[in-house]
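The values are calculated or read from the model by the stated rules, or taken from the named source; none is laboratory data. Since the structure is predicted, the reported quantities are computational estimates derived from the model, not experimental observations. Every residue, glycine among them, receives a Cβ derived from its backbone with ideal geometry; neighbour counts consider all protein chains shown. Only protein heavy atoms, including side chains, enter the accessible area calculation; ligands, DNA and RNA are left aside. Shrake-Rupley method; radii C 1.70, N 1.55, O 1.52, S 1.80 Å.
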Amino acid sequence: MLKAVKRSVHRMTSHLQLISSYLEMTDYTRALGQTKETIREMHALESSLTGLANLGMTVPENGAVVVPHGSTVVSYEDVNVDVDIDEVRAVDKNEVRAGCGNENPKTK
């Protein structure tokens, strides 16, 4: 899914360059046609990104979670937002309950 999103972004970049070129050549009909195609592509990108944003990530039984260096790993009980017991989610530092993240070592 992520590869499809990246391809869509590259296509839109190409579309925008074409629109700019058509405008430079004062070919407004082609610029309009390309703009309409770009808008369709943007709607498809919106759908793809919505799907990515709504994906829930869970840890498989007997699995592991890999996090970036310097991250603090806390339990679902240690945050001020709703997180299911089997859900893995990134939260802002201000969403971690006071005193909960400090006892956990930062990842190395």
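Looking at the range 49-61, which of its residues are modelled with pLDDT under 75 and either in a loop (DSSP other than H, G, I, E, B) or hydroxyl-bearing (Ser, Thr, Tyr) (or both)? Outline the logic, then answer.
Let us first name the residues in the range 49-61 that are modelled with pLDDT under 75, namely 51-61.
Result: 55, 56, 58, 59, 60, 61.
Looking at the range 3-19, which of its residues are closer than 20 Å to residue 33 by Cβ, surrounded by 14 or more Cβ atoms within 10 Å (Cβ to Cβ) and within 21 Å of the chain's Cα centre (by Cα)?
Correct list: 8, 11, 12.
Using the structure shown, decide if residue 32 is at pLDDT below 80 and exposed (fewer than 14 other Cβ atoms within 10 Å of the Cβ).
no
Could you run through the range 62-72 and say how many residues are open to solvent by less than 60 Å² (accessible area, probe 1.4 Å) and either at pLDDT below 70 or part of a loop (DSSP other than H, G, I, E, B) (or both)?
Number of matching residues: 4.
Does residue 79 meet the test of being surrounded by 10 or more Cβ atoms within 10 Å (Cβ to Cβ), over 28 Å from residue 8 (Cβ atoms) and either modelled with pLDDT of 70 or more or not acidic (Asp, Glu) (or both)?
Yes, satisfied.
Just to be sure I understand the filter: pairs with C-beta atoms under 6 Å, separated by 6 or more residues or on different chains, first member in the range 23-47 and part of a helix (DSSP H, G or I), second member of a type outside the set (A, V, I, L, M, F, W, C) and surrounded by 14 or more Cβ atoms within 10 Å (Cβ to Cβ). Which pairs pass?
The qualifying pairs are 30/22; 31/22; 34/15; 38/15; 41/11; 45/8.
Any idea how many residues of the range 84-108 are modelled with pLDDT of 75 or more and of a type in the set (Val, Ile, Thr)?
2
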